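Taken together, the values in this text are just the output of simple stated rules run on the coordinates, not laboratory data. Predicted, not measured: the structure shown is a model, and the values here were computed from it. Cβ coordinates were reconstructed from backbone atoms using ideal geometry, including for glycine residues, and neighbour counts include every protein chain displayed.
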Amino acid sequence: MPAIRSMTAFARCSDETELGNFTWEIRAVNHRYLELHFRLPDSLRDLEPKLREALKANFGRGKMEVALRYQAPEKAQSLEVDEELVRQINHAADQIHAIIGPGNALSSLEILNMPGVMKTGSVDGKAVQKQALDLFDNAIQQLKDTRQREGEELGKLIQQRLDAIKPIVAQVRKQMPQALAQQKQNLQDKLNELSAQLDNDRLEQEIVLLAQKADVAEELDRLDTHVQEVARILTQNEPIGRRLDFMMQELNREANTLSSKSLTTDITKAAVDLKVLIEQMREQIQNIE
């Protein structure tokens, strides 16, 4: 089954564990290449190379902003006084005071600022990193699922436009013999009005030249071929955005040529309708990986 993937998506995964609370957010929008930006806690910045590797393995295009919020468990945030160390510091201060005399006692704040007096709880750093990476895998999968769901909807919208192009091309092809005949008659009428003296051979040459300039059979055939190719590309289970974008350029080129060769207002209108449908597809394709 084809997997058309949108580049625009959002994923959010949270987990509360003994190691702390983790929340990953990934925001993705369309971009010509894969562009990655990270906002990580200082204590987990070492994860960035692994995060980059995981994203590159799963996505080919898109601008992604990746953010991690981490709250350590309460035991790691609590502050405790090393009472034994304080006693030793105080005892050493008493010994110094006995030598240099009173008036130089240490204040409580000075003692608190000494290294090692205040202790914080701790958690296993490697375990925290592993927990964060495991949850990141879930966020990646969620992002992939969202991109695929949105991509499927984009595929339906594109297919609807392709289906709308087919009858327009068929109608123009049906109108062409009558349009050429009418153009031939218009030329004959103008010559008659001007009382132009042209021999039949010269008149036929002018009509043939006009028919060649106005003939859009090749353009109509190429439009049909391009529509079939776009429909085929939509069935491919791989990144297809760039190929679809190229096909929109080809479709638009044929529609422009059809417009420039138009013989009737109906054909001109058909060319405009084609360009509108092609532009609508092009806008949707900008979001496809």
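Some notes on this structure:
- Pairwise centroid distance, computed over Cα atoms, of the range 58-75 with the range 226-289, Å: 38 Å
- Given K174/K275; K174/K261; K184/K275; K156/K261, the pairs whose alpha carbons are separated by over 26 Å: K184/K275; K156/K261
- Extension reserve of the H31-D46 stretch, reckoned as 0.36 nm per residue once the Cα distance is removed: 2.8 nm
- Sites listed here are chymotrypsin sites (Phe, Trp or Tyr not before Pro) in the range 1-62 whose DSSP assignment is loop and whose Cβ has at most 12 other Cβ atoms within 10 Å: Y33.
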